[in-house]
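The values are calculated or read from the model by the stated rules, or taken from the named source; none is laboratory data. Keep in mind that what you see is a predicted model, and the values were worked out from it rather than measured. Here the Cβ is made from the backbone with ideal geometry for all residues, glycine too, and neighbour counts use every protein chain on show. Only protein heavy atoms, including side chains, enter the accessible area calculation; ligands, DNA and RNA are left aside. Shrake-Rupley method; radii C 1.70, N 1.55, O 1.52, S 1.80 Å.
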Amino acid sequence: MARRRTFAIISHPDAGKTTLTEKLLLYAGAIELAGAVRGRKARRHATSDWMALEQERGISITAAALEFELEGRRMSLLDTPGHKDFSEDTYRALIAADSVVMVIDAANGVEEQTRKLFEVCRRHRLPILTFVNKFDRPARDPLELLDDVERTLGIAAAPVNWPIGSAEDFRGVYDIPRSHLLLYEREAQGQFRAPVDIASLDDPAARALIGDSVYAHFRDTLDVIGGAGASFDAAEYLAGRQTPVFFGSALTNFGLEPFLRALVELAPPPQPRQSDSGTVMPTDHRFTGFVFKIQANMDPRHRDRVAFVRVCSGRFTKDMVVTNSRVGRTIRATRAYRFFGRDRETVAEAYAGDIIGLVNPGQFAIGDTLHTGAPLRYSDVPRFPAEHFGRMRLQDTRYKQFDVIASRLRTEYGAEVLIEPAAYAIARWVADPAQRIPSIGGGTAVAIDRRERRVLLFASEWELQYFQRQHPGIELLAESPTM
């Protein structure tokens, strides 16, 4: 259990999250050649992007589980959708993680989707490592990027390495704790591991390679953070109050090695979880876990449904009998798998921190607690408010069965649909189920979710704020009530 590391990667669309995921697998030896998300037709698709639409558009749509070995650690990576249309899948995957990697575009800084995902991490007290990506392209000043992280997200940012130049002048990074200069060469369009030349900061040869102007700016900014920047504090990171910041380029492999070393050394092992019977330690002898995702049609030939389970304690073994606390029924886990994107292999055993998939012929739902021994139930996996609204109409009336939904209905079920955008932009749950809601007008409406809980739909952020000013006694929730 102590060598398990379960983490998720979050970012705004096009910040380079999927490329970084591929490079993690490359450096871990899990794949031999990294495929670019876009570019030459001959390149492979990203390992974690297994759906046809993901491969067609070069985006991540579903949360994929990828397990691999890295520096003696068993890594479970929950690769999450970056595109804002698929936030719900990302939010739920974060509940199953023990830590997070946040990828930021060096040219754009903290963007809207990053901010939303960060707020979920903050609410669930997840430690965050930050990788500022794309320094091989024109980038904002690194001091400005640090300030952006602190002002926008309200978390202390502690640089662990420092970039040397940017765009065509990007030469490498300076490893601050180890006082090492890591210089890189570009080769093979980032498909293979980049060679690393470690040199002293004052090495004349290194200065000549970097160039006088780039070197001078690098030393000036390095002196500024040395005197005024936050120093990395492991306890503050684990408490979620500080994020260690790394700079580099996932595409060209610049700065990846110090980042990966930190991920292995700093990311926490499986953490205790709260249940209705108290705190469950990962070392508890009984098996417990919860379902955080259900994916249909991973194998179109079998039309199967896979329930992804985060193991929280104990030891899981194939064919063991577990109890689903929601229905109070025992189930024999005969078909259990470990995943690498779409690929799967049978699981013989699993421990706290592992992600396993159970083929699900209808017994499981998101949020279910599975356990052996005495009755126990973890808090429900919260639902998150919708961010996109529309009405869907079947074009093919033979079937009783949003851009992505339409694509999956077409490719997996052969059903053509038409989606019409609706006028809502924000949804919030009403905290008190018994509270009376006054008559409302404008672009606001009252709806119910699948569990008959009331939800208010607003046309804009302004309407949400107006409602809260007019009705301060009505508490609205950004996550569904749990327990």
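Accessible area ranking (1.4 Å probe, heavy atoms, ligands and nucleic acids excluded), largest first, for 27, 466: 466, 27.
For residue 469, the accessible surface of its heavy atoms amounts to roughly 140 Å² (probe 1.4 Å, protein chains only, rounded to the nearest 10). Mind scanning 17/293; 17/318; 134/293; 23/116; 116/293 and naming the pairs with a C-alpha gap bigger than 23 Å? Distance filter (> 23 Å) returns 17/318; 134/293; 23/116.
Using the Cα centre of segment 310-447 as origin and beta-carbon charges of +1 (Lys, Arg) and -1 (Asp, Glu), tell me which of 363, 348, 417 is placed farthest towards the positive end of the dipole. Among 363, 348, 417, the one farthest towards the positive end of the dipole of segment 310-447 is 363. Ordered by 1.4 Å accessible area with all protein chains kept, 91, 351 run largest first as 351, 91. For residue 217, the accessible surface of its heavy atoms amounts to roughly 100 Å² (probe 1.4 Å, protein chains only, rounded to the nearest 10). Put the Cα centre of segment 319-391 next to the Cα centre of segment 263-283 and the gap is 18 Å. In the context of the full protein assembly, residue 416 retains an accessible surface of approximately 80 Å², using a probe radius of 1.4 Å and ignoring ligands and nucleic acids. Counting only protein chain heavy atoms and rolling a 1.4 Å probe, the accessible areas of 293, 318, 116 rank, largest first, as 318, 116, 293.
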